[in-house]
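Okay, structure first, notes after.
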Amino acid sequence: MRKIIKKITFNRVKRQRFESFFKTKKDGETIFYQFWEWKREAPWLWITHGQGEHSDCYQRLIEGLSSLPINFFAWDLRGHGRSSGKRGYAPHFLSYIDDFIELYENTKSLFQNQKRFWLGHSLGGLIQLLTLIRLNLKTDPQILSSPFLGLSMPVPLWKDMGSVLLSHVAPKICLWNQIKNEMLTRDPLVLKEYAKDPLRHHKISASVYLGTLSAHREVFARLKSIQNPILIQIAENDPIVSSAKNQQFFELLPSSDKTLKIYPKRQ
């Protein structure tokens, strides 16, 4: 395991940035992670990115929150960013959860008894929800940013059937996910960043797509297991993630400490 240490300062708050990785026990994929440490005993915000993204995409968020007395932790899903694996491919959606759990176990000494907050965006929100259920972490606060609990547009039956066929005959083929950068943001500066980012991609395998459909059903089936304090932030009319499904999820949540923030006319 390697570590690269850099000292950085945001808003006069000094942090040390660490980079490292581990190899998964199941198939030997290399999972990259990084963290920005202020004080080891401070609370931690753990970030899981969305489909096609990577942990460096959250640098702006970390800079924006850098005046807070917390540490930050982020990682790259397999097939994303600086983690290994074919871009957009995983043997199954559950591979992401297995990686998450293994990463958590490998880095648990960092957190010890400190307060933990979990932030998952889009696909990362779906992965986070099911991982915390499996880890039985019912008291850690969760933040979900447009969690991928359903698609905003209907998928034709022939595409679903084609995905089933493809997952059996050519499981490693990854196709365009039909997401354009303009669907993700209207900020022209951010759009320019997206276009220049060599680590971003727009690919997904049939196995991952089909796995998300099963994961959607599992989340709603296991709602009673989600007792965490929870903040959900969504756009009013998200062109990708179903805003209606997210609102339904929020209404059904049994947590006594829950907040839904809807941003009107936003993506």
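Which of the residues belonging to segment 110-132 are modelled with pLDDT of 95 or more and aliphatic (A, V, I, L, M)? Selection gives LEU119, LEU123, LEU126, ILE127, LEU129, LEU130, LEU132. In segment 150-189, what residues are polar (S, T, N, Q) and part of a loop (DSSP other than H, G, I, E, B)? Within segment 150-189, SER152, ASN177, GLN178, THR185 qualify. Strands (runs of 3 or more DSSP E) fully within segment 190-267 that include at least 3 residues being under 18 Å from the mean Cα position of the chain (by Cα) and surrounded by 15 or more Cβ atoms within 10 Å (Cβ to Cβ): 203-205, 230-235. Please indicate, with yes or no, whether at least one residue in segment 106-121 is closer than 16 Å to GLU53 by Cβ and assigned to a loop (DSSP other than H, G, I, E, B). Checked segment 106-121: no residue is closer than 16 Å to GLU53 by Cβ and assigned to a loop (DSSP other than H, G, I, E, B).
Residues of segment 28-37 include at least one that is within 23 Å of LYS86 (Cβ to Cβ), modelled with pLDDT of 95 or more, out of contact with any strand residue (DSSP E or B) (no Cβ under 9 Å at 6 or more places or on another chain) and not in a strand (DSSP E or B). Cβ-Cβ contacts under 9 Å between residues 6 or more apart (or on different chains), taken from a first residue in segment 54-83 that is at positive phi to a second residue that is of a type in the set (Val, Ile, Thr), are listed as GLY79/VAL208. Yes or no: SER152 under 19 Å from TYR96 (Cβ atoms) and among the polar types (S, T, N, Q)? In short, no. Test ILE31 against the stated conditions and say whether it is closer than 27 Å to SER163 by Cβ, surrounded by fewer than 22 Cβ atoms within 10 Å (Cβ to Cβ), among the β-branched types (Val, Ile, Thr) and under 16 Å from the mean Cα position of the chain (by Cα). No, not satisfied. Look at segment 210-238: where a residue is over 26 Å from LEU184 (Cβ atoms) and a partner is of a type in the set (Val, Ile, Thr), sitting 6+ places away or on another chain with Cβ atoms under 7 Å, you get ARG222/ILE133; SER225/ILE133; ILE226/ILE133; ASN228/THR139. Residues considered: LEU223, LEU129, LEU199. Of these, the only one that is within 16 Å of PHE100 (Cα to Cα) and hydrophobic (A, V, I, L, M, F, W, C) is LEU129.
Going through (1) free of Cβ contacts under 8 Å to residues at least 12 places away in the same chain; (2) more than 26 Å from SER95 (Cα to Cα) one by one, LEU252 falls short only on (1). For segment 42-94, filtered to residues that are assigned to a strand (DSSP E or B), in contact with a His (Cβ under 9 Å, 6 or more places away or on another chain) and of a type in the set (A, V, I, L, M), the residue that is farthest from LEU149 (Cα to Cα) is ALA74.
The sole residue among SER84, SER152, SER109 that is of a type in the set (S, T, N, Q), closer than 26 Å to LYS261 by Cα and surrounded by fewer than 23 Cβ atoms within 10 Å (Cβ to Cβ) is SER152.
Determine, yes or no, whether ARG2 is assigned to a loop (DSSP other than H, G, I, E, B), modelled with pLDDT under 90 and touching a Leu at 6+ places or on another chain (Cβ under 9 Å). So ARG2 does not fit the description; no.
The values are calculated or read from the model by the stated rules, or taken from the named source; none is laboratory data. Since we're looking at a predicted model, the values are computed, not measured. Every residue, glycine as well, gets a Cβ built from its backbone with ideal geometry; the counts of neighbours run over all protein chains shown.
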